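I have placed the structure first, in the form of structure tokens, so that the comments after it can refer back to it.
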Amino acid sequence: MSNLKNIEPLQDFNWEEFENGSTAGVSRDELQKAYDETLNKVADHQVVDGKVTSVDKKEVIVNIGYKSDGIIPASEFRYNPDLKVGDIVEVYVENAEDKKGQLVLSHKKARMSKSWERVNAALDNEEVVTGYIKCRTKGGMIVDVFGIEAFLPGSQIDVHPIRDYDVFVGKTMEFKIVKINQEFRNVVVSHKALIEAELEAQKREIISKLEKGQILEGTVKNITSYGVFVDLGGVDGLIHITDLSWGRVSDPHEVVALDQKINVVILDFDDEKKRIALGLKQLTPHPWDALDSELKVGDHVKGKVVVIADYGAFVEIAPGVEGLIHVSEMSWSQHLRSAQEFLHVGDEVEAVILTLDREERKMSLGIKQLKEDPWEAIETKYPVGSKHTAKVRNFTNFGIFVELEEGVDGLIHISDLSWTKKVKHPSEFTQQGADIDVVVLEIDKENRRLSLGHKQLEDNPWDTYETLYTPGSVHTGKITEMMDKGAVITLNEGGEGFATPKHLVKADGTQAQTGEELEFKVIEFVKETKRIILSHSRTFEEGKDDVKKAAPRKAAPKKEAAPTIQNVAASTTLGDLDALAELKAKLEKGE
């Protein structure tokens, strides 16, 4: 308070003039007018230039010569990362003085007010503009150009295909306006268009110097299922999948990666040099040329199955060196089979070299040679008379083909299946895949075939039948099958016989039927053809008295087979008057 006591009013201050509104002879109105003229006259909703006085991450302060500075969010200047203090920028006056007395400015609206004229002028003049990539959208990016949201197609970002769009978000780049839709006010921009002209010049220079056999460095641009596209510096070439490696390639990704720099050789190109064929494997020696010179027929090699077909499998024993194992060299078996039954792609196998042609770069291999040929010692393992169990493989009308072991086949003839049963077709006797006991009858080593028998495992019952079924002997049998020409009779002692219809007439004159069990007399036995002819009627006809036997007319209907009976009668009843009389009557009639 003591300091205030020392303060005294100016002695010469003219309080009268101050009270009258003037100072030093100048009126207050004049002072107000002078003050107003030192400031810009700012009206709302106009665009003016301002000077950046401060820049930080959140806001930019701009002086437009008004009594207060305007504050603009820094986000409105994202398109211009190089903004600095002292730069002149356009601003839009939103409000010269808000409730807080603050000047409210917008840079975004200032740009927008003139942006449509600017983009149209840039298109007409082919002007290069700067834009800020705001975000991703379907098919490309959204770019801020003069405050307008323009579309940047993904194909127009670069000359190379873009795999990751996100790395471009937030970047400021130069663009060329390529299309404007006036009606919808849509703008399309391109960055690719800016660099294409330069690349086109490079491309022409590269193409003019292309030569077959030339080695160039390139960058892997794209990988497809059929090959790899390589950028040679503005010119693209294709390495076909077959030219990537001397070995088989199922997926080009196994050999190269995107953006990888590789050396390639030019294999070919068209007259206009638009299609360029490149090679990668040609930069290394052919694997066949590097193949061990000591390798020879008979050597064992190891490899992996790379391709398989019905006729065989290709085995890669070294990258680019393959040998074929034909299906016939996979097994000693003679059956026609598919290679897929023995091998699969990816299998690691050992094989024997069968042929080797270095000039033709071909090799044939075998895997059955790793096992002993079963036919080498066939006489020892399967001697004639030896008994074995075989597997039924297939049937024919004349027999059954069986397999004793892999590579050893044999045939059981239909006649060697059973001593007694008459087999019409082998499929009646057994079925495919079933086991069957056999005995070796004959060896044909040259044709790799065995003759086998099944019935020979048992004694021939016909040796017994020969002594049992003598002509004239009577036996009990059952009618098991009836046919037009007669009936099949199964004899109780074993074996089957045959009787014609007239020999199936019973004593009461009726015909015998299937399932009946009757007495039968043997009238013929032939061992070689396994034939037994039987008669039921004979069992009671020959027991009649001589008067009835002598009556040719009554007996005639039942004695039509007299010529056949005569052979039997020679060993039984040579004095059969009925038979002789009937024979004589037939001869006289010319029968």
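Some values worked out for this structure:
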{"quantity": "1 or more residues loosely packed, with under 15 Cβ neighbours inside 10 Å: qualifying strands (runs of 3 or more DSSP E) within the stretch 45-100", "calculated": "47-55, 70-73, 88-95"}
{"quantity": "From GLU217, GLU211, GLU205, residue being open to solvent by 30 Å² or more (accessible area, probe 1.4 Å), modelled with pLDDT under 80, more than 30 Å from GLY346 (Cβ to Cβ) and not aromatic (Phe, Trp, Tyr)", "calculated": "GLU205"}
{"quantity": "Boolean, THR470 is without any contact (Cβ under 8 Å) to a residue 40 or more places away in the chain and either farther than 11 Å from SER535 by Cα or of a type in the set (A, V, I, L, M, F, W, C) (or both)", "calculated": "no"}
{"quantity": "Those residues of the stretch 513-531 which are of a type in the set (Ser, Thr, Tyr) and touching a residue at least 24 places away in the same chain (Cβ under 8 Å), in sequence order", "calculated": "THR514"}
{"quantity": "Some residue of the stretch 379-389 being in a strand (DSSP E or B), open to solvent by less than 50 Å² (accessible area, probe 1.4 Å) and either in contact (Cβ under 8 Å) with a residue 40 or more places away in the chain or in contact with a strand residue (DSSP E or B) (Cβ under 8 Å, 6 or more places away or on another chain) (or both)", "calculated": "yes"}
{"quantity": "Residue ID - surrounded by the fewest Cβ atoms within 10 Å (Cβ to Cβ), chosen from residues in the stretch 419-468 that are farther than 18 Å from GLU403 by Cα and among the β-branched types (Val, Ile, Thr)", "calculated": "THR467"}
{"quantity": "From the options GLN369, GLN432, residue that is over 30 Å from LYS302 (Cβ atoms) and either modelled with pLDDT under 85 or in contact with a Cys (Cβ under 9 Å, 6 or more places away or on another chain) (or both)", "calculated": "GLN432"}
{"quantity": "Selection from the stretch 483-523 of residues that are more than 60 Å from the chain's Cα centre (by Cα), assigned to a strand (DSSP E or B) and farther than 14 Å from THR539 by Cα", "calculated": "GLY486, ALA487, VAL488, ILE489, THR490, LEU491, GLU496, GLY497, PHE498, GLN511"}
{"quantity": "SER338, sole failed condition from (1) more than 18 Å from THR355 (Cα to Cα); (2) at pLDDT 85 or above; (3) within 22 Å of the chain's Cα centre (by Cα); (4) open to solvent by less than 80 Å² (accessible area, probe 1.4 Å)", "calculated": "(2)"}
{"quantity": "Wholly within the stretch 222-328, strands (runs of 3 or more DSSP E) carrying at least 2 residues that are within 30 Å of PHE342 (Cβ to Cβ), open to solvent by 20 Å² or more (accessible area, probe 1.4 Å) and modelled with pLDDT of 85 or more", "calculated": "300-309, 312-318, 321-326"}
{"quantity": "Condition broken by THR476, with the remaining ones in (1) in contact with a Phe, Trp or Tyr (Cβ under 8 Å, 6 or more places away or on another chain); (2) surrounded by 17 or more Cβ atoms within 10 Å (Cβ to Cβ) satisfied", "calculated": "(2)"}
{"quantity": "Hey, VAL321 among the aliphatic types (A, V, I, L, M) and within 30 Å of GLN214 (Cβ to Cβ) or not", "calculated": "yes"}
{"quantity": "Pairs where the first residue, in the stretch 228-253, is within 26 Å of ASP158 (Cβ to Cβ) and the second is in a loop (DSSP other than H, G, I, E, B) and open to solvent by less than 20 Å² (accessible area, probe 1.4 Å), C-beta under 9 Å, 6+ apart", "calculated": "VAL228/LEU244; VAL228/VAL256; VAL230/VAL256; LEU232/LEU210; VAL235/LEU210; ILE239/VAL256; LEU244/VAL256; PRO252/LEU244"}
{"quantity": "Where a residue in the stretch 492-512 is farther than 14 Å from GLU481 by Cα and its partner, wherever it lies, is modelled with pLDDT under 85 and small (Gly, Ala, Ser), with Cβ under 8 Å and at least six apart", "calculated": "LYS502/ALA561; HIS503/ALA561"}
{"quantity": "Any hit, the stretch 394-406, residues being farther than 30 Å from ALA318 by Cα, of a type in the set (Val, Ile, Thr), surrounded by fewer than 18 Cβ atoms within 10 Å (Cβ to Cβ) and modelled with pLDDT of 80 or more", "calculated": "yes"}
{"quantity": "Strands (runs of 3 or more DSSP E) contained in the stretch 404-471 and holding at least 1 residues within 16 Å of ALA390 (Cβ to Cβ), of a type in the set (Ser, Thr, Tyr) and out of contact with any Phe, Trp or Tyr (no Cβ under 7 Å at 6 or more places or on another chain)", "calculated": "449-453"}
{"quantity": "From the options VAL384, VAL345, residue that is under 27 Å from the mean Cα position of the chain (by Cα) and of a type outside the set (Gly, Ala, Ser)", "calculated": "VAL345"}
{"quantity": "Options GLU350, GLU360; residue that is open to solvent by 70 Å² or more (accessible area, probe 1.4 Å), free of Cβ contacts under 8 Å to residues at least 40 places away in the same chain and either within 24 Å of HIS286 (Cβ to Cβ) or not in a loop (DSSP other than H, G, I, E, B) (or both)", "calculated": "GLU360"}
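The values are calculated or read from the model by the stated rules, or taken from the named source; none is laboratory data. Fair warning: this is a prediction, and the values are worked out from it, not measured in the lab. As a convention, Cβ positions derive from the backbone with ideal geometry for all residues, glycine included, and neighbour counts pool all protein chains shown. Note: accessible area is taken over every heavy atom of the protein model, side chains too, but ligands, DNA and RNA are not part of it. Shrake-Rupley method; radii C 1.70, N 1.55, O 1.52, S 1.80 Å.
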